[in-house]
1. Name every residue in the stretch 5-24 that is under 19 Å from Leu81 (Cβ atoms), among the small types (Gly, Ala, Ser) and without any contact (Cβ under 8 Å) to a residue 60 or more places away in the chain, in order of residue number.
2. Collect the residues in the stretch 49-74 that are in contact with a Leu (Cβ under 9 Å, 6 or more places away or on another chain), buried (at least 17 other Cβ atoms within 10 Å of the Cβ) and farther than 23 Å from Phe32 by Cα, keeping them in residue-number order.
3. Could you list, in sequence order, all residues of the stretch 33-48 that are closer than 17 Å to Pro105 by Cβ and exposed (fewer than 15 other Cβ atoms within 10 Å of the Cβ)?
4. So which pairs qualify, if the first residue must be in the stretch 95-123 and modelled with pLDDT under 95 and in a loop (DSSP other than H, G, I, E, B), the second must be aliphatic (A, V, I, L, M) and surrounded by 13 or more Cβ atoms within 10 Å (Cβ to Cβ), the Cβ gap must be under 9 Å, and the two must be at least 6 apart or on different chains?
5. Test of understanding: among Gly65, Gly77, Gly27, which residue is touching a residue at least 12 places away in the same chain (Cβ under 8 Å) and at positive phi?
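The values are calculated or read from the model by the stated rules, or taken from the named source; none is laboratory data. Worth saying up front: this structure is predicted, and the values here are computed from it rather than measured. Every residue, glycine among them, receives a Cβ derived from its backbone with ideal geometry; neighbour counts consider all protein chains shown.
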Amino acid sequence: MSKTVQSDRTKILSLACVAAVTTVIAGILHIFLVPHSMSDEQGQGILFLVGGILQVFWAVPVIKGWNKIWQYVGIGGTAILVILWFSTHVHGLTQGRGLGGMTLPLEIAQLIFIGLCIALLKIRPTVQKGNTTL
């Protein structure tokens, strides 16, 4: 194996690990929000619980380099969470309420995850017959 191929594999694995860490962080932060959300708004609490569990799970397909469809679903699902947050908080932001608690780290982690997954889609070799070619 040439040094270039090994170097590319190392870069891809490094990006995948960082992306996995960001989605796990976002998932854990969502799970931390569940108890408070359940007491105020049960639907929101369920969204945080399901979303958080899925985000923690999503580290697996990112690191293992599963089929690109998994990557697109992860990007799309995370983008939906960001859009939901933005659409429900933009009014408060324009009134100067700012970002409190875990909001800023959570949204930053999600946006970094999306960016890294897009980068991985562009540089990761194609997956054939279910086997990764990391």
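1. Scanning the stretch 5-24 gives a single hit, Ala20.
2. Within the stretch 49-74, Gly65, Gln71 meet the criteria.
3. His36, the sole residue that qualifies.
4. Qualifying pairs under 9 Å: Gly101/Leu33; Met102/Leu29; Met102/Leu33.
5. Criteria check complete, one pass: Gly65.
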